[in-house]
Amino acid sequence: METKIYRVSPTRPAAWKIKECAQILKTGGLVGFPTETVYGLGASAFLDAAVKRIFEVKGRPADNPVIVHISNLSQLESVVSEMPEKARKLAEKFWPGPLTLVLSKGDKIPSSVTANLDTVAVRMPSHAVARMLIELAGPVAAPSANISGRVSPTKAEHVIADFYGKIEAIIDGGNTEIGLESTVVGNLDGVPLLLRPGGITVEMLTRAVGKVEIHPAARAEIEFAHAVAPGMKYRHYSPAASVVLVEPSASGRIFEVFEAKKNAKKTCLLLFRNRGKSAEDVIVGSRGTKEEYARNLFRLLREVDKRGYELVVVEGVDEEGIGLAIMNRLRKCASEILR
Ligand code: TXA
Ligand code: MG
């Protein structure tokens, strides 16, 4: 299959290009598109066969549901059957933006989208390209646009690397702003439960609706007994290189760890910020804000593979604000965690 690539301005995309892509979605095709978090791999949320193709091309297990993306509140009616008070509040405060709400599913959504659950995850992205596309095509079911198990894409090049020749179109709208997938929140008719941390932080959620519980998976904490045990168990979406995560409590030892690992494998070091050591195999992830680290993280992990490293020692950050999302992703892809 020939994949059409459409290059657009991230803020003022050419309408004719987005119209062509909306047409592709409406006729059952798949389109890779930018959002403010990561790139999505979209299909019309109402077309069962198209949604099934997403699972096929990604190699995604059929029991992992995908998020439905909407561009305005009237589309919500065709997607969900109820909107509890707390969901309403969160939507009002954080939509459009990087927040996904798990709600009761509407009848029009095929069960392939929700993996047979009676809930559906919904989000209204803020990215101008995503919004125009969804406005024209209707609700779009979209997971992150990466082969299952790989690092999520933060630029079109990543989507091209995974899906060129396998999907109808890819919209290149430049680098994504947040760089980590959206915050996912469920149990909205009770005490809201954070299922996946992201750009909308626990602190922001709490300010909006009061108490929020954090699912253990959201922290991706492992027992201390396993802390230094290498194991495949928590490797999730990861680069091909092994990831050694150095938690802030062990950050004083990071150069020592790096030197030791270098003896056995082709190793690089990914630092949160510059610590006065520059070398070819030392990568600096930010100038010091966690937001910038989040934005660059997935791109840099892909870069580690491109440059042929077998192992990367990664500096962790504290869990405040977007730090929780950063540490969730890093713990999930780490084969060894030092603290
Ligand atoms: O930022 C994002 O959320 C990106 C962009 C493209 O919007 N999408 C994304 O999709 O990260 P995906 O499929 O990679 O992650 C969706 C997450 C998964 O952890 C999935 O299990 C969860 O949302 N999810 C989807 N539907 C759910 C449901 N009904 N109940 C609980 N979790 C659900
Ligand atoms: Mg994903």
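This table checks each residue for (1) surrounded by fewer than 22 Cβ atoms within 10 Å (Cβ to Cβ); (2) closer than 30 Å to Asp162 by Cα; (3) not assigned by TED's automatic domain parsing to the domain that holds Gly179.
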| position | (1), (2), (3) |
| --- | --- |
| Gly40 | no, yes, no |
| Ala45 | no, yes, no |
| Val57 | yes, yes, no |
| Ser78 | yes, no, no |
| Lys93 | yes, no, no |
| Leu99 | no, yes, no |
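Sort out which residues of region 122-166 are among the hydrophobic types (A, V, I, L, M, F, W, C) and either within 12 Å of ligand 2 (Cβ to nearest atom) or in contact with a Ser or Thr (Cβ under 6 Å, 6 or more places away or on another chain) (or both), and write them in order of number.
So the first thing to find is which residues in region 122-166 are among the hydrophobic types (A, V, I, L, M, F, W, C), and the list is 122, 124, 128-130, 132-134, 136-137, 140-142, 145, 147, 151, 156, 159-161, 163.
The answer is Ala128, Ala130, Ile134, Ala142, Ala145, Ile147, Val151.
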Query raised in the report: When the residues of region 275-287 are filtered to those that are in a loop (DSSP other than H, G, I, E, B) and at pLDDT 95 or above, which remaining residue is surrounded by the most Cβ atoms within 10 Å (Cβ to Cβ)?
Result: Asp281
Query raised in the report: Within the set of pairs 6+ apart or on separate chains, which have a first residue in region 117-130 that is outside the structural domain of Leu103 (by TED's automatic domain parsing), a second that is more than 6 Å from ligand 1 (Cβ to nearest atom), and C-beta atoms under 7 Å apart?
Result: none
**Report entry** Matching option when the condition is more than 22 Å from Arg88 (Cβ to Cβ), in the same structural domain as Ala62 (by TED's automatic domain parsing) and within 13 Å of the chain's Cα centre (by Cα), among Leu180, Leu136
**Finding:** Leu180
Query - Selection count, region 190-208, where residues are away from ligand 1 (no atom under 14 Å from the Cβ) and outside any helix (DSSP H, G or I) - result: 3
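Do we find that Glu181 is assigned to a loop (DSSP other than H, G, I, E, B) and surrounded by 24 or more Cβ atoms within 10 Å (Cβ to Cβ) in this structure? Show your work before the answer.
Working: assigned to a loop (DSSP other than H, G, I, E, B): yes; surrounded by 24 or more Cβ atoms within 10 Å (Cβ to Cβ): yes.
It is true that Glu181 is assigned to a loop (DSSP other than H, G, I, E, B) and surrounded by 24 or more Cβ atoms within 10 Å (Cβ to Cβ).
From Ala161, Ala141, Ala87, which residue is over 25 Å from Lys17 (Cβ atoms) and of a type in the set (A, V, I, L, M)? Steps first, please.
On the way: Ala161 fails: over 25 Å from Lys17 (Cβ atoms); Ala141 fails: over 25 Å from Lys17 (Cβ atoms).
That would be Ala87, the only listed residue that is over 25 Å from Lys17 (Cβ atoms) and of a type in the set (A, V, I, L, M).
This table checks each residue for (1) of a type in the set (Asp, Glu); (2) within 13 Å of ligand 1 (Cβ to nearest atom); (3) within 22 Å of Tyr237 (Cβ to Cβ).
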position	(1), (2), (3)
Glu135	yes, no, no
Ala145	no, yes, yes
Ser148	no, yes, yes
Phe163	no, no, yes
Glu168	yes, no, no
Gly179	no, yes, yes
Query - Check on Glu223, modelled with pLDDT under 95 and surrounded by fewer than 20 Cβ atoms within 10 Å (Cβ to Cβ) - result: yes
**Report entry** Some residue of region 42-55 being within 16 Å of ligand 2 (Cβ to nearest atom) and among the acidic types (Asp, Glu)
**Finding:** no
Query raised in the report: So Gly165 clears everything in (1) assigned to a loop (DSSP other than H, G, I, E, B); (2) under 24 Å from Leu103 (Cβ atoms) except one condition, right? Which one?
Result: (2)
Report task. Working only within region 200-215, note down all residues that are surrounded by 14 or more Cβ atoms within 10 Å (Cβ to Cβ) and more than 22 Å from the chain's Cα centre (by Cα). Result -> Ala208, Val209
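Among the residues of region 179-197, count how many are more than 16 Å from ligand 2 (Cβ to nearest atom) and in contact (Cβ under 8 Å) with a residue 40 or more places away in the chain. Working first, answer last.
Our first condition is that a residue be more than 16 Å from ligand 2 (Cβ to nearest atom); within region 179-197, this holds for 185-194.
If we keep only those that are in contact (Cβ under 8 Å) with a residue 40 or more places away in the chain too, we end up with 185-189, 192.
Final tally of qualifying residues: 6.
Only one residue in Leu25, Leu41 is assigned to a helix (DSSP H, G or I), under 12 Å from Ala142 (Cα atoms) and touching a strand residue (DSSP E or B) at 6+ places or on another chain (Cβ under 6 Å), so which one is that? Walk me through how you get there before you give the answer.
Working: Leu41 fails: assigned to a helix (DSSP H, G or I).
Unique residue meeting the criteria: Leu25.
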Report task. Scan (1) crowded, with 19+ Cβ neighbours inside 10 Å; (2) touching a strand residue (DSSP E or B) at 6+ places or on another chain (Cβ under 9 Å); (3) in a loop (DSSP other than H, G, I, E, B) for the single condition Ile170 breaks and write down its number. Result -> (3)
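Filter region 1-22 for residues that are part of a loop (DSSP other than H, G, I, E, B) and without any contact (Cβ under 8 Å) to a residue 40 or more places away in the chain and give the result. I'd like the intermediate steps shown before the answer.
Going residue by residue through region 1-22, those that are part of a loop (DSSP other than H, G, I, E, B) are 1-3, 8-14.
Of everything in region 1-22, just one residue is part of a loop (DSSP other than H, G, I, E, B) and without any contact (Cβ under 8 Å) to a residue 40 or more places away in the chain, namely Ala14.
Identify, please: which residue in region 93-114 is among the aliphatic types (A, V, I, L, M) and within 19 Å of the chain's Cα centre (by Cα) and is, among those, nearest to Arg12 (Cα to Cα)? Steps first, answer last, please.
If we filter region 93-114 for residues that are among the aliphatic types (A, V, I, L, M), which is where we start, we get 99, 101-103, 109, 113.
The next check asks that each one be within 19 Å of the chain's Cα centre (by Cα); those that pass are 99, 101-102, 113.
On the way: Leu99: 23, Leu101: 27, Val102: 30, Val113: 30 Å.
Filtering region 93-114 for residues that are among the aliphatic types (A, V, I, L, M) and within 19 Å of the chain's Cα centre (by Cα), the one nearest to Arg12 (Cα to Cα) comes out as Leu99.
The values are calculated or read from the model by the stated rules, or taken from the named source; none is laboratory data. Please read all numbers here as calculations on a predicted model, not as lab measurements. Positions of Cβ are generated from backbone atoms using ideal geometry, with glycine treated the same way; all protein chains shown enter the neighbour counts.
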